[in-house]
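What follows is a single structure, written as structure tokens, with notes after it.
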Amino acid sequence: MDRIQFLKTVQPFDSLPEDVLQEIADLMEEVRYKKESVIYLQNFTRLEGVDIIVAGEYELFFYDSDQKRRVIESFGKRKCYGGVSILLNKKQSIRTVLAKKGTVVYRLPDKDFKRLCEKFSEFFSYFTTEFGRYMLNDEYAHFVKGTADAPEENYIASDQFYSRRIETIEPREVVSCPGRTPIHQAAKVMAERKTSCLFVTDDKDDIIGYVSDITLRDNVVARQVDVRYPVAGIMDNPIVSIDSQAFVYEAILLMFRTKTRYLLISEKGEFKGVISRNKLLSDQAQSPFVFIQSVKLAITVNELKKKWEKVPEIVFQLLKRGVKSEIVNQVITSISDSITLRVIEWVIQEMGPPPAKFVFMALGSEGRKEQTLKTDQDNAIIYEDKANEQRELVRAYFLEFAEKVSEHLDYIGFSFCKGGFMAKNPKWTHSLSHWKRNYESWLTQSSQETVMHFSTFFDCRYIFGEASIMEELKVFLDKEIQKPNTRLYYNMATNALQYEPPLTFFKNIKTFTVGEKKVFNIKNTMTPIVDLVRAYSLKNRIFKTNTGERLLKLKEREIFTEKEYNELIQAYYYLMGLRLSKQASQIINDRAEPENLIDINNLTKIEEVTLKEIFKVIKDFQQRIKVDFTNTLF
């Protein structure tokens, strides 16, 4: 087969006119390589042209900090390499490339390749589209981002804290005693074994609680409890455990979320040891989790305000170091939760104990654990049903309580919700029975307007109080959604279709003008994914609130395929990373209020190409939800 006939079988050269192929055939140089020859080194070797494989094979991969090969791929006959590197990476090879035995390539010089890209748009878009698809691979995107943004620093190695697993940390032995053991004897065991945490077991040797130094101080000494009493009477709960394969950051976040200082490490269903929060934090002196601990120790509202003002810098540093945006979301949420908890504790201390059990819950993006730096308050209160003579007293307390909490949060930096979705609004502080009626009404009497208005309440998450109240509400909700609710899902689906991806007919990013800038709203771009995933989750009785966690459950139940899951979650968190980075930069560099508008002229070519691919992914899923929930097609 001559060169021209060969080029007709190679994408995207097959799209070029024959007279152009004739010219290209004369320009190409034939190059042969020996087995295992290193052709290109990632982010180092400058390419002289685009290689078209005629025989043999190229092996492509990234080296990580341990010189292990990552994202390994093979290119065989008729595949091209180098186009993306020339166009988008200043001619430096994006990946390391080895040649296998008997590899022969045709090399088209870079200047001639660029000339083709300038003249033939379809030819050019092949390479940019190919790169956009690759960037939807989370691991590939990590390495590329590292080489593009910080060539001197390896992306994966820049913060090993986020890739370190619990199994790499040496846990302490689990020391326990039966629940009938006298308190003084339990304290003696702690002293002899030099442990600050003693676990308590039942008659079946199952762990049912624990006693720490703080337990002895608060539950025994402060209350003047007889030390001859059984230790089970003063032990603390809950028992919290994590698998040894979990990441360190997950363990710390779990500890903050559950307010526990000790975490049992499980392996294949058995407890293999225990680790303390102090141990984990002491190993991470520069991590944001030490900052979270400092938030929990704040003693004034002014101190919390200053802490929150430091968050943009933390976010900016994490993103620059290559930390995944979903982890950054969790960090922001943990800081926000810690601030809210501190404020609630102070208000209760000021007002006195609540007259009824209650739960303070977060809604919306805070409820989904997806807070950004442009955030307002979304919260509500549910209190237990009380007898008629107490009802007004209980309601008055919680409305005053909500007002004080909300005022403090606004001062700290969490502005009032413009839509009024706050506990300080009397509509959103009510008894459990009232909240059940709310949800029943939203489910059975839904319209497009009401679903749009109240969807935030399907993203509710426990923050403080009596968790059982929220559990009872979820049990009620679970029963209700098992009833026929076609109208509800139809309206939810319709809402998910309100925001179309900003793509023009010619597949360019659609913008609108603000001042002299051409922008698009990245929050609106992300909204269809949130709405779509919420609709599928509710229909399938999935009560996770986080979009990523909902997607994972939908995949596990085979409602979404592995491919669909990967495309959606990578698209969503790429957008989230871009959004967080933009907001952090505005606060730190511009000293401006963060916003959700992205100036298209400030995007790199890599970002622009990736966004176009993401918008196509969103459009495809909007097509699916219309078919699944409305039985119609575009």
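Read-outs: derived from the displayed coordinates by stated rules, not from any lab. The structure displayed is predicted, hence computed values, not measured ones. A quick note on method: Cβ atoms are made from the backbone with ideal geometry, for glycine too, and the neighbour counts reach across all protein chains shown.
Shape class for the stretch 581-634, computed from the alpha carbon gyration tensor (a ≥ b ≥ c): prolate, with a/c not under 1.5 and a/b above b/c.
Its Kirkwood hydrodynamic radius, worked out from the mean inverse distance over all distinct Cα pairs, puts the stretch 463-510 at 14.4 Å. Applying a threshold of 25 Å to the alpha-carbon distances of K307/K605; K119/K612; K279/K307; K279/K305; K8/K619 flags K307/K605; K279/K305; K8/K619 as lying beyond it. For the chain, relative contact order (Cα pairs under 8 Å, six or more residues apart, normalised by length) works out to 10 percent.
Annotation: lysines with alpha-carbon distance below 17 angstrom to K324 (same-chain offsets under eight excluded): K145, K369, K582. In plain terms, the chain from D243 to S447 could stretch by 69.1 nm, reckoned as 0.36 nm per residue minus the Cα-Cα distance. Toward the positive end of the charge dipole of the chain, with +1 on the Cβ of Lys and Arg and -1 on the Cβ of Asp and Glu, the farthest Cα among T504, S447, N137 is that of N137. Gain on full extension, evaluated as 0.36 nm per residue between R257 and N602 minus their Cα-Cα distance, stands at 120.5 nm. Between V221 and K357, the FRET efficiency from the beta-carbon distance, with R0 = 30 Å, is close to 0.65. Taking the longest Cα principal axis of the chain as reference, the axis of helix 432-444 is set at about 30 degrees. Counted residue by residue at 0.36 nm each, then reduced by the alpha carbon distance between them, the extension gain from D112 to Q349 reaches 77.9 nm.
Taking a Cβ cut-off of under 14 Å around K111, the surrounding Lys, Arg, Asp and Glu residues balance to a net charge of 0, with basic ones at +1 and acidic ones at -1. Computing FRET efficiency as 1/(1 + (r/R0)^6) for H184 and K204, where r is the C-beta to C-beta distance and R0 is 25 Å, gives about 0.50. Max-minus-min Cα coordinates of the stretch 569-610 on each principal axis give 29, 22, 13 Å, with the largest extent listed first. Neighbours of Q185 by Cβ distance under 12 Å: Lys/Arg scored +1, Asp/Glu scored -1, total +2.
May I ask for the angle, rounded to the nearest 10°, between helix 605-630 and the longest principal axis of the chain, with both axes built from Cα atoms and the value confined to 0 to 90°? Computed tilt is about 60 degrees.
Once the C-beta distance of E170 and I214 is scaled by a Förster radius of 22 Å, the resulting FRET efficiency is 0.40 to the nearest 0.05. For the stretch 291-421, the orientation-averaged shadow of the C-alpha convex hull comes to 8.3 nm² (one quarter of the hull surface). What's the local net charge at I275, with K and R +1, D and E -1, over the other residues with C-beta under 9 Å away? That works out to +2. Under the combined filter of DSSP loop state and at most 13 neighbouring Cβ atoms within 10 Å, the stretch 494-527 retains these trypsin sites (Lys or Arg not before Pro): K507.
Pairing the Cα long axis of helix 325-351 with the longest principal axis of the chain, what angle in degrees results, from 0 to 90 and rounded to the nearest 10? Between the helix axis and the principal axis of the chain, the angle is about 20 degrees. Our coupling estimate for the stretch 415-421, obtained by passing each phi through the Karplus curve with A = 6.51, B = -1.76, C = 1.60 and θ = phi - 60°, is 5, 4, 6, 5, x, x, 7 Hz, Gly and Pro reported as x.
Kindly identify the stretch 1-54 as rounded, prolate or oblate by the Cα gyration tensor criterion: order the square roots of the eigenvalues as a ≥ b ≥ c, call it rounded if a/c is under 1.5, otherwise compare a/b with b/c, prolate if a/b is larger, else oblate. Prolate. Partners of K374 within straight-line reach, counting aspartates and glutamates whose Cα lies under 19 Å from its Cα and excluding those fewer than 8 residues away in the same chain: E309, E313, E326, D337, E366, E407, D410, D459, D590, E593, E595, D599.
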